[in-house]
Amino acid sequence: MPMVQSKNLKYRKASAHLFLIVFLAFIIFPLLMVVTISFRQGNYSVGDVIPTPETSTLDHWKLALGIPVHGYARVSGADISFVKTDEGKTVLYAAENGTDPFEAFVTAPFSVKDAEHASEDQRFAVKAASPDTAPDSANLLSDDETYALSSALNGKLDISVAKDDGSEEHYSIEANDRSGTSYGLYREKVTNPPFPVLHWLWNSIKVAFITAALIICLSTTSAYAFARMRFKGRAFILNSMLIFQMFPAVLALVAIYALFNRIGSYIPSLGLNSHGGLILSYLGGVALHIWTIKGYFETIDPSLEQAAAIDGATPWQAFRLILLPLSVPILAVVFILAFISTITEVPVASILLMDMDKLTLAVGAQQYLYPQNYLWGDFAAAAVLSGLPITVVFLLAQKWLVGGLTAGGVKG
Amino acid sequence: MADVLLSKVRKNYNPATLKDTLRNINLDIKDGDFIVFVGPSGCGKSTLLRMIAGLEDITSGDLTIGGKRMNDVPPSERNIGMVFQSYALYPHMTVFENMAFGLKLKHMDKETIRQRVVHAADILGLEPFLERKPKALSGGQRQRVAIGRCIVQQPSVFLFDEPLSNLDAALRVKMRLEIAKLHRDINATIIYVTHDQVEAMTLADKICVLSPLKASAESNLEQFGTPLELYNHPVNQFVAGFIGSPKMNFLNGEITEIGDKECKVKLTSGEIITAKVNASRGEVGQKVQLGVRPEHLVAADSPKADGGKISGKVIVTENLGAEFFLYMEAPACDEGVDFTVKHEFAIDIKAGETYSVGIPASACHLFDAEGLAFPRTEVYTRG
C-alpha cells in the first residue's frame with residue numbers, strides 16, 4: 001500500500017470489503033440454488049441447499065441431456081415373502097394383495113450370499129415365472145426375517161419376468177429412497193426425456209451466434225457512418241434510436257406477431273415459427289450497440305484513416321484494415337452483450353416460435369413448469385445448461401477484451 | 001518530383017456563411033523546393049496543406065501537381081506523401097507493416113516491398129526497429145516511421161503537418177536537422193506546416209506566411225519568399241511582426257521629411273528618427289509605424305546609432321549569458337506593448353531606471369496606416 005492511511009479509513013475499508021462479500025454471496029446464492037436443485041432427487045424447489053451423496057441424483061441431467069432414466073416404481077399391489085429351500089437357497093414369492101392389479105410370480109431359487117455381494121450396477125439376475133403353487137407355509141420366513149432379508153437385498157436383485165408377449169419386466173426389492181425405510185417390490189420404469197433439450201440448446205446457440213454476428217456487422221458499419229460522416233439528420237436519427245430503444249420489445253409483441261405473420265406470407269423463412277424471423281426481430285435491438293461502438297470509434301484518431309487514404313486505401317479498406325482491428329475490444333463486448341441478451345430472451349421468442357423442435361432453450365425450459373406439475377429439478381438442469389454457451393463465449397472472448405490496443409499509434 | 005501550383009484557391013467550410021477560411025491563395029512551388037507554411041493558430045495553414053493532400057475539398061480555384069489538375073483527384077492518386085502531426089501510425093502493425101501497408105494495397109510483389117522498406121529504414125536508421133510495434137518506440141522513432149511510410153511510396157510531393165510539435169525541445173532540434181538532411185538526400189518537393197518560425201527560417205527554401213483571414217481582406221497569403229527576404233524586406237507589418245524572435249518593435253509617429261533615400265519620422269513621444277526608407281509614395285504628416293528589430297538596437301552612444309535614439313523606463317531585464325534582453329516602456333509604443341531590446345552585452349541596470357537605446361537608420365522599417373511597408377533602401381548588418 002503506497003499511501004499512508006488513517007485508522008478510520010482502515011475500518012471503512014474493512015466494512016466495504018464485508019459489504020462486497022455479503023453482496024456477492026447474495027448474488028451468487030440463486031445460481032448455487034439452481035445448481036443444487038438440478039442435482040436433488042425429485043422435483044422439489046425446497047430442500048437442502050448443500051446436496052449430500054444420499055439425496056443426489058443425476059436423473060435431471062440425464063433427462064436434460066437426452067438420456068433415458070431407469071427408475072423403479074413401487075408396486076403397491078404386491079406382497080413379498082421369502083421361502084427357504086432345502087438346498088439352502090431362497091425363493092421369493094410375489095403375490096397380489098388386491099389393492100392393485102398385479103401378476104404374481106415366483107423366482108428361481110437363488111443364493112442370498114451371492115445376491116448380497118452384487119454391486120449397484122451389476123445386480124444379481126434371477127429368473128422368475130408364474131407360480132404353480134402357493135408358497136409352502138412351513139418354510140415361510142417370519143416378518144422380522146423378511147424385513148432383515150429385504151434390507152440386505154435392497155437394490156441388489158434383478159428379477160426378470162418373461163411375459164406372454166415376449167417382453168420382459170424387471171423387478172427389484174428396494175427402498176423408495178436411498179436412506180429410506182419402506183421396503184417392497186419395485187418395478188423398473190424407463191423415463192424417456194420429455195423434451196428435446198439439447199436440440200433447444202443448439203437452436204439457442206445457433207440463433208444467438210447468428211444474431212450477434214449480424215449485429216456486429218450492422219452496428220459497426222452504422223457506427224462508422226455516425227462517427228465519421230456528417231450528414232443531414234445525423235443527430236436526429238441518433239437521438240431517436242436511443243429513445244425508441246427505451247420502450248421494451250414486449251410492448252410491441254402484437255405488432256411483431258402481425259408483422260412477421262405478414263412477412264411470412266411472402267418469405268416463409270423469415271416469417272412466424274422460423275429462426276430467420278426470430279433473428280430478424282432481434283436485429284432491431286441494434287441501436288444501443290451502435291451508440292457503444294460509435295463512442296469507441298470517436299476515440300480513434302481520424303488521421304489514421306486519412307493516412308490510410310493517402311496510402312491508397314479505399315474507405316472500405318481503411319475501415320476494415322485500420323479501424324476494425326483497433327476496435328476488437330469493443331466488438332468483443334458488443335458480441336458478448338448481443339449473445340447473452342439473445343440467449344436469455346423469452347417474450348419475443350415465445351411469440352414467434354411455435355413448434356416444439358424450433359424453440360430456444362429459454363422458452364422451451366418453461367415447458368417443464370406447467371401448473372399441474374412444476375418439474376423444478378428438470379427445469380433447473382435445463383437452466384444451468386443454458387448458461388453454458390454464454391460462459392464458453394465469454395471465456396473465448398476474454399482474449400479480445402484487452403484494452404489499450406490503440407496506445408502508441410498517435411502522439412509522442 | 002513535381003511542381004505544385006495553386007491559383008486563386010479558396011476554402012469555405014460552411015457555404016451558408018460568407019466566412020472563408022482561405023481566400024485567393026496563389027503559390028508557385030518549384031520542383032525540389034522546401035516550402036514552409038507558417039502563421040499563427042487558425043490562419044488555415046493546415047487546411048491549405050490538407051487541400052493539397054486531398055483530405056479537404058477545394059471550394060474554388062485550381063490545384064495542379066506536376067502539370068495535372070488535381071482538384072477532383074482522390075488523395076491516393078495525387079502521388080503525395082503526408083506526415084501527420086500525430087504521426088498516425090497504425091498501432092496494430094509493426095514498423096515494417098506500417099511502411100509496407102500502402103505498397104501492399106498497390107499489390108506490389110513482396111521482394112520490391114521488402115527492398116523499398118529496408119531502403120527507407122536504412123535512410124532513417126530504423127532497421128533495428130522493423131519488427132516493433134509503434135507502442136514500443138520513442139517519439140522521435142515514431143516520427144521517423146511516419147516519414148519512412150512516405151518515403152517508400154516515392155511520392156513527388158511530401159507534406160508535413162507540424163511534424164515536430166509533439167517532440168521535446170532537444171529532439172525537435174535533432175529531427176529538424178534530419179529533415180533538412182533528408183531533403184538534401186532525396187531532393188523531393190516538400191511542403192511543411194509549422195507555427196514555429198525557427199523551423200521555418202532554418203528549413204525553408206521559401207516561406208509562405210499566412211494570417212487569419214479578415215472579412216474584408218483580399219487574401220490571407222501575406223508574403224511568399226525566401227527566409228531572408230521575409231526577414232529583411234517584409235511587405236507588411238504582419239509579416240514584419242511575425243518573422244523574427246523576439247518580435248519587431250513598432251513605434252507610432254508621423255513623417256516629417258521625405259528625402260531621396262531616407263526620411264525622418266517624428267515619434268509621438270517627440271524623438272525624431274531617421275530611417276533609410278524610400279517614402280516617396282507617402283506625404284509629410286502621414287501617420288506611420290516605425291519598426292525596428294530588438295537585435296538591431298545598439299547602445300545610445302554607439303557610432304552606429306545614426307538613426308536617433310529613444311528612451312524609456314526599464315520594466316524587466318533578462319540575462320541569458322550569451323544575450324541580454326531588456327523590456328522597457330516606450331511612450332511611442334502602443335498601450336501595453338513593451339519595447340524589447342536585445343544586446344550581446346550585459347548592462348548594469350535595474351527595473352525602474354531610465355534607459356536610452358540607439359537606433360541605426362538602416363535598421364528601420366516603415367509601415368503606413370494600412371500596414372504596408374515602404375521599400376527599404378539599405379539593409380542593416382551587424383558587426
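Readers should treat all values here as calculations from the given coordinates under stated rules, not as data from a laboratory. What you see is a predicted model, and the numbers here were worked out from it, not measured in a lab. Because the Cβ atoms are built from the backbone with ideal geometry, glycine has one as well, and the counts that use them run over all protein chains shown.
Farthest towards the positive end of the charge dipole of the protein assembly as shown, among the residues B:192, A:134, A:309, is the Cα of B:192, using unit charges on the Cβ of Lys, Arg, Asp and Glu. For the listed peptides B:194-201, B:213-220, A:190-197, a ranking on the average number of other beta carbons within 10 Å per residue, highest first, reads B:194-201, A:190-197, B:213-220.
Under the convention that each Lys and Arg Cβ holds +1 and each Asp and Glu Cβ holds -1, the size of the dipole of the protein assembly as shown around its Cα centre is about 2960 debye.
DSSP assigns beta bridges within chain A; of those with both partners inside it, close to 85 percent run antiparallel.
Fully extending the segment from residue A:253 to residue A:396, taken as 0.36 nm per residue of separation minus the present Cα-Cα distance, adds 48.1 nm. For residue B:206, the lysines whose Cα comes closer than 18 Å to its Cα, not counting residues fewer than 8 places off in the same chain, are B:30, B:45, B:181.
For the protein assembly as shown, the normalised intensity computed at q = 0.09 Å⁻¹ comes to -1.03 (log10 of I(q)/I(0), Debye sum over alpha carbons, equal scatterers, no solvent).
When shorter helices are ignored and each DSSP H run of at least 4 residues is given -39500 (n - 2.57), the per-residue value for chain A at 222 nm works out to -15000 deg cm²/dmol. How many angstrom lie between the C-alpha centres of region A:24-46 and region A:352-389? The distance from the Cα centre of region A:24-46 to that of region A:352-389 comes to 16 Å. With r as the distance between the Cβ atoms of residue A:190 and residue A:132 and R0 = 51 Å, compute the FRET efficiency 1/(1 + (r/R0)^6) and round to 0.05. Step by step, r from the Cβ atoms, then E = 0.95. For region B:4-238, the relative contact order comes to 29 percent (Cα pairs under 8 Å, sequence separation of at least 6). FRET efficiency for the pair residue A:269 and residue B:202, taken as 1/(1 + (r/R0)^6) with r the Cβ-Cβ distance and R0 = 60 Å, rounds to 0.30.
How far is the Cα center of region A:250-298 from the Cα center of region B:52-119, in Å? So the two Cα centres are separated by 42 Å.
Summing Cβ point charges (Lys, Arg +1; Asp, Glu -1) relative to the Cα centre of chain A gives a dipole of roughly 3700 debye.
Seen from residue B:278, the other residues with C-beta closer than 15 Å to its C-beta sum to a net charge of -1, counting Lys and Arg as +1 and Asp and Glu as -1.
For region A:258-412, the convex hull spanned by the alpha carbon atoms encloses 150 Å³ per residue.
Only Lys, Arg, Asp and Glu carry charge here, each on its Cβ (+1 for the first two, -1 for the last two); on that basis region B:4-238 has a dipole of about 420 debye about its Cα centre. As a proxy for reagent exposure, ranking A:266, A:282 by other Cβ atoms within 10 Å from fewest up yields A:266, A:282. Taking every DSSP beta bridge that has both ends in chain B, the antiparallel portion is near 75%. Across every direction, the projection of the convex hull enclosing the Cα atoms of region B:207-261 has a mean area of 5.5 nm².
Result for chain A in a Gaussian network model with C-alpha springs under 10 Å: among A:297, A:379, A:19, the largest mean-square fluctuation is at A:19. By the Kirkwood approach, averaging reciprocal distances over each pair of separate Cα atoms, region B:4-238 gets a hydrodynamic radius of 18.4 Å.
Put the Cα centre of region A:88-130 next to the Cα centre of region B:333-383 and the gap is 125 Å. Cross-link pairs exceeding 21 Å in C-alpha to C-alpha distance, out of A:84/A:127; B:8/B:68; A:62/A:156; A:113/A:189; B:266/B:309, comprise A:62/A:156; A:113/A:189. Here the peptides B:28-40, B:6-18, B:319-331 are ranked by packing, the mean other Cβ count within 10 Å, and the order with the highest first is B:28-40, B:319-331, B:6-18.
For residue A:338, what charge total do you get from the other residues with a beta carbon under 15 Å from its beta carbon, if Lys and Arg give +1 and Asp and Glu give -1? Net charge around residue A:338: 0. In a fully extended conformation the segment linking residue A:56 and residue A:373 would gain 112.1 nm over its present Cα-Cα distance, using 0.36 nm per residue. Helical runs (DSSP H, four residues minimum) scored at -39500 (n - 2.57) apiece and divided by the length of chain B put the mean residue ellipticity at 222 nm at -6500 deg cm²/dmol. Here the gap between residue A:244 and residue A:70, fully extended at 0.36 nm per residue and compared with their Cα-Cα distance, gives a gain of 57.4 nm. Around residue A:38, under 12 Å between beta carbons, what's the net of Lys plus Arg minus Asp minus Glu among the other residues? Local net charge: 0. For residue A:15 and residue A:341, the FRET efficiency from 1/(1 + (r/R0)^6), where r spans their Cβ atoms and R0 equals 30 Å, is about 0.30. When a/c reaches 1.5 or more, the comparison of a/b and b/c decides; with that in mind, is region B:116-179 rounded, prolate or oblate per its Cα gyration tensor? Oblate shape, in that a/c is at least 1.5 and b/c is the bigger or equal ratio.
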